[in-house]
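The values are calculated or read from the model by the stated rules, or taken from the named source; none is laboratory data. These numbers come from a predicted model, not from an experiment. Cβ placement follows ideal geometry from the backbone for every residue including glycine, while neighbour counts extend to all protein chains displayed. The accessibility values were calculated without ligands, DNA or RNA, using every heavy atom of the protein model including side chains. Shrake-Rupley method; radii C 1.70, N 1.55, O 1.52, S 1.80 Å.
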Amino acid sequence: MSAHPTTPPAAHTPAWWTSAVVYQIYPRSFQDSDGDGVGDLRGVLRRIDHLAELGVDVVWFSPMYRSPQDDNGYDISDYQDIDPLFGTLDDLDEVVAALHARGIKVVMDLVVNHTSDEHPWFAESRSSIDSPKRDWYWWRPARAGFAPGEPGAEPTNWESFFSGSTWELDADTGEYYLHLFSRKQPDLNWENPQVRDAVYAMMRWWLDRGIDGFRMDVINLISKATHPDGSLSDGAVAHGLFGDAGPFTMNGPRLHEFLQEMHRDVFHGRRDGLLLVGETPGATVEDGVLLTDPARAELDMVFTFEHMGLDHGPGGRFDRRPLDLRDLKATMARWQHGLESTGWNSLYWENHDQPRIVSRFGDDGAHRRDSATALATLLHLHRGTPYVYQGEELGMTNAHFAALSSYRDIESLNFASSARALGLLDEQQLVGALAFGSRDNARTPMQWDATTHAGFTTGEPWLQVNPNHVDVNAASERVDEASVFHHYRRLIALRHDDRVVRFGDFRMLLPDDPDVYAFTRSLEGTTLVVACNISGSPRSASIAELAVPGELVLGNLPGEPAIHGDVVSLRPWEAVVLRVRRSSD
Ligand code: ISL
C-alpha cells in the first residue's frame, strides 16, 4: 500500500476508490422475483443492466444474512448464510459473478457491534452465568440496592437508539444484557479477544468467497467505556427519563486499536482492490482523520452524520426544523478541509436510514426533478467518494404515508408507542413526525415502472409502493435524457473522467449566502466553479472566478447559464459546473 493513496502525485498510485461511485442496494425493497412481496437476490440479477447503465463501480448490499428480521436484517443470527427470504449462498455467488462481469465490485454490510438474540453465540451466552460465552456480551447485575426487574434497576440509565432502556433483563439468570439498538440486538463484547477472533475469521471467510470489502455498521460503537450514568437527554421521547449513552459508547478508548488489529488479521496481504467504509454516528472531523489516515491502516472512509442532523430539532430525527443552507456549507466545508491532506471523505445524502433528500433539502412537489438534480450536482462535485442509494438516482420522494398503520420500521414503531405512552404527541403530530423522519421513507419499493406495485413485485409488497411511481420510475426516466437518472449518469461519468473532480482542492464560496451553494475545485491550473441555487426563486451571485470566460461542463437545466461579468444568474434550483483555466497556463 502506498503511503498516500488518496493524493495524486505521480510517484503514488491513487487508491481506485478515489474515482469510484458506490450504489447501495437495500435488497428487501429492490426487486422481488418470487412474488412474496420482499426483494431478493434473483431479483437483483434482473436489474444489473440498470446498475451498469448508471455506471456505478461498486454495489453495497444491506444485510441479507440469516436473521429474524427484527431490524430488517441488521439483527444477524448466522453471518455465514443467506436468509431464505433473499435466496441462497449460490444465488449470491451468481449475483457477485454477474456484477464482477460488468466490472462492478461488491461490498457486504458487516454488522458486528451486535448480533441477533437468536444467534447461537447469544443463546449460549444467556444459558448460564457460567457459560464459556457469557463474556461474549455485556451482562451486568441489577443496580446496587435494586432487585432485578424493579423500575430503575437497570445497570445504567442509557436510552437505546430505538427508544427505551439499553438494558434487558434475562429472567432466568437475573442479569441484564446491553442492547444499544433493539432488545433483539445484544451488543457483542469486543473486550473479549475470542469475540474479535470469531469476527475476523468470519470476515476472512467472506473475502475468500470473493467479495470486495465491507461497510461496517456502527463500527465506532464497538469499544465501550465502563458504565457511568449518562446525562439526562432532552429528546422528545426520553423526556428526562433516560441518559445519553453516546459519550460512553461512541469512539471508545480501544476503537483504533481494534480496527488496526482487524486490519492486520483480516486485510493484511490482500488490501488492494478492497473498500472499507465505516458507519460512524457521532464521529467528529478529528475522529474522521484518525479513522481514515492511510498510514494508520484502519478504514478508507467513514460516513459522517453531522450534515444529516442539520434539519433535526432537539428531539432528534422526528423533530423537524428547516435546514439553514449556511449550516450545511459550514459542515461540508469543515469535513472537506479536515480530510484534505490526510484521509478521505464519503459523500452521501441518502441511505436506508435517511428520508429522501428531495423531500428534505429539496422540493418534492413542483421542483422535484430540478431540486433532485441540483442537490445531486452539489454533492457529487465535492471531493470524496459519492454513494447513491437505490431510487435516489430517480429522484424518489418520501412515502407521505397518511396512516400510522403503514409503517413497518422498528424505530418508527417504538418511537410512536413511547410517544403515545408518555402523551408527548397526539396522533396527528405523530403522523407528521413519522412522515418527516421515518426510515421507511427510504424503504418503499424501488419504482421500476408505472405498472401495479411499480414492477417491484407481483405479490403484495412488504411496504406500500409510493403512488407517485406512475410518474417517477426507472422506465420513463431511462428514455428521457433530461431525467434525474441521466443526470446521475452524467455526474458519475464526470467523476470517472475528470481529475479535477477527483482530486481538486476544495474552496467554499459565499458562506453567508442563504440560498446559493457555490464552491471551486482546483487542480493543476484548472478550476471548476460549481454554483447551485438551493431555492425555488431566481438568485444571482457574484463569483470572482467567473470574470474569466469558462466552459459549461454540466448543468441541470436546458440552455447556457446566464453570466454577465462575474455575476451568474441562476434559475430556481439551477446548478451549473463551469471550467475556467487560469490565464497563466
Ligand atoms: O437511524 C438511526 C436512528 O435514528 C440511526 O441512528 C441509525 O440507527 C444508526 O445510524 C445506526 O444505523 C445502523 O445500525 C442500526 C440499523 O438499524 C441501521 O439500519 C444501520 O444503518 C443497527 O444495526
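Taking the numbered list (1) within 16 Å of the ligand (Cβ to nearest atom); (2) farther than 16 Å from Leu276 by Cβ; (3) touching a residue at least 60 places away in the same chain (Cβ under 8 Å); (4) of a type in the set (A, V, I, L, M) in turn, Met216 passes all entries but (2).
With Val107, Val96, Val58 as the choices, which residue is open to solvent by 10 Å² or more (accessible area, probe 1.4 Å) and within 29 Å of Pro386 (Cβ to Cβ)? Show your work before the answer.
Values: Val107 fails: open to solvent by 10 Å² or more (accessible area, probe 1.4 Å); Val58 fails: open to solvent by 10 Å² or more (accessible area, probe 1.4 Å).
After ruling out the rest, the residue left standing is Val96.
Does Asn72 satisfy the condition of being out of contact with any strand residue (DSSP E or B) (no Cβ under 9 Å at 6 or more places or on another chain), assigned by TED's automatic domain parsing to the domain that holds Asp36 and either β-branched (Val, Ile, Thr) or within 16 Å of the ligand (Cβ to nearest atom) (or both)?
On the way: out of contact with any strand residue (DSSP E or B) (no Cβ under 9 Å at 6 or more places or on another chain): yes; assigned by TED's automatic domain parsing to the domain that holds Asp36: yes; either β-branched (Val, Ile, Thr) or within 16 Å of the ligand (Cβ to nearest atom) (or both): yes.
Yes: the conditions hold for Asn72.
Across the stretch 465-499, which residue is farthest from Ala333 (Cα to Cα) among those that are among the aliphatic types (A, V, I, L, M) and over 25 Å from the mean Cα position of the chain (by Cα)? Step by step, filter the stretch 465-499, then rank; the result is Val470. Given Thr292, Thr284, which one is farther than 25 Å from Lys105 by Cβ, at pLDDT 95 or above, surrounded by 15 or more Cβ atoms within 10 Å (Cβ to Cβ) and more than 15 Å from the ligand (Cβ to nearest atom)? After ruling out the rest, the residue left standing is Thr284.
Residue count for the stretch 134-168, restricted to those that are touching a residue at least 24 places away in the same chain (Cβ under 8 Å), assigned to a loop (DSSP other than H, G, I, E, B) and away from the ligand (no atom under 14 Å from the Cβ): 7. For the condition free of Cβ contacts under 8 Å to residues at least 60 places away in the same chain and open to solvent by 10 Å² or more (accessible area, probe 1.4 Å), Arg47 does not qualify.
Only one of Trp349, Trp335, Trp344 is of a type in the set (A, V, I, L, M, F, W, C) and within 16 Å of the ligand (Cβ to nearest atom); which? Give the derivation first.
Details: Trp335 fails: within 16 Å of the ligand (Cβ to nearest atom); Trp344 fails: within 16 Å of the ligand (Cβ to nearest atom).
After ruling out the rest, the residue left standing is Trp349.
Within the stretch 401-418, being farther than 20 Å from Phe181 by Cα, free of Cβ contacts under 8 Å to residues at least 40 places away in the same chain and part of a helix (DSSP H, G or I) holds for Leu404, Ser405.
Look at Ala366 and say whether it is open to solvent by 30 Å² or more (accessible area, probe 1.4 Å), over 29 Å from Arg420 (Cα atoms), among the small types (Gly, Ala, Ser) and assigned to a helix (DSSP H, G or I). Against the criterion (open to solvent by 30 Å² or more (accessible area, probe 1.4 Å), over 29 Å from Arg420 (Cα atoms), among the small types (Gly, Ala, Ser) and assigned to a helix (DSSP H, G or I)), Ala366 does not qualify. Number of residues in the stretch 300-334 that are of a type in the set (A, V, I, L, M, F, W, C), open to solvent by 10 Å² or more (accessible area, probe 1.4 Å) and touching a helix residue (DSSP H, G or I) at 6+ places or on another chain (Cβ under 8 Å): the value is 4.
Determine, yes or no, whether Pro549 is farther than 27 Å from Thr331 by Cβ and either in a loop (DSSP other than H, G, I, E, B) or not polar (S, T, N, Q) (or both). Steps first, answer last, please.
Numbers: farther than 27 Å from Thr331 by Cβ: yes; either in a loop (DSSP other than H, G, I, E, B) or not polar (S, T, N, Q) (or both): yes.
In short, yes.
If I ask for residues that are within 13 Å of Phe30 (Cα to Cα) and outside any loop (DSSP other than H, G, I, E, B), which ones from the stretch 446-470 would you list? His453, Ala454, Gly455, listed by residue number. Evaluated against (1) farther than 28 Å from Ile410 by Cβ; (2) free of Cβ contacts under 8 Å to residues at least 40 places away in the same chain, Ser371 falls short on exactly one condition, (2).
Residue by residue, here is whether (1) within 16 Å of the ligand (Cβ to nearest atom); (2) of a type in the set (Ser, Thr, Tyr); (3) out of contact with any Lys or Arg (no Cβ under 7 Å at 6 or more places or on another chain) holds:
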position: Gly273; (1), (2), (3): no, no, yes
position: Gly278; (1), (2), (3): yes, no, yes
position: Asp311; (1), (2), (3): yes, no, no
position: Asp319; (1), (2), (3): yes, no, yes
position: Leu328; (1), (2), (3): no, no, yes
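Count of the stretch 570-585 residues, restricted to those that are open to solvent by 50 Å² or more (accessible area, probe 1.4 Å) and closer than 28 Å to Phe485 by Cβ, is 1.
Among the residues of the stretch 169-188, which ones are over 24 Å from the mean Cα position of the chain (by Cα) and either in the same structural domain as Ala225 (by TED's automatic domain parsing) or part of a strand (DSSP E or B) (or both)? If you could, list the steps in order and put the result at the bottom.
Step one: filter the stretch 169-188 for residues over 24 Å from the mean Cα position of the chain (by Cα), giving 169-178.
Matches in the stretch 169-188: Leu169, Asp170, Glu175, Tyr176, Tyr177, Leu178.
The residue that is least open to solvent (accessible area, probe 1.4 Å), counting only those in the stretch 121-136 that are among the hydroxyl-bearing types (Ser, Thr, Tyr) and more than 17 Å from Asp78 (Cβ to Cβ), is Ser131. So Glu118 passes all but one of these: (1) open to solvent by 20 Å² or more (accessible area, probe 1.4 Å); (2) touching a Gly at 6+ places or on another chain (Cβ under 9 Å); (3) part of a loop (DSSP other than H, G, I, E, B). Which condition number does it fail? With (1) open to solvent by 20 Å² or more (accessible area, probe 1.4 Å); (2) touching a Gly at 6+ places or on another chain (Cβ under 9 Å); (3) part of a loop (DSSP other than H, G, I, E, B) applied to Glu118, the lone miss is (2).
Would you be able to tell me the number of residues in the stretch 352-361 that are of a type in the set (S, T, N, Q) and within 14 Å of the ligand (Cβ to nearest atom)? Walk me through how you get there before you give the answer.
Of all residues in the stretch 352-361, those of a type in the set (S, T, N, Q) come to 354, 359.
Subsequent filtering for residues that are within 14 Å of the ligand (Cβ to nearest atom) retains 354.
Within the stretch 352-361, residues that are of a type in the set (S, T, N, Q) and within 14 Å of the ligand (Cβ to nearest atom) number 1.
Annotation note: Cβ proximity below 7 Å between a residue of the stretch 419-441 that is farther than 23 Å from Gly391 by Cα and a residue that is modelled with pLDDT of 95 or more and of a type outside the set (D, E, K, R) (sequence gap 6+ or interchain) occurs for Ala419/Leu430; Leu425/Ala433; Leu430/Leu404; Leu430/Ala416; Val431/Ala402; Val431/Leu404.
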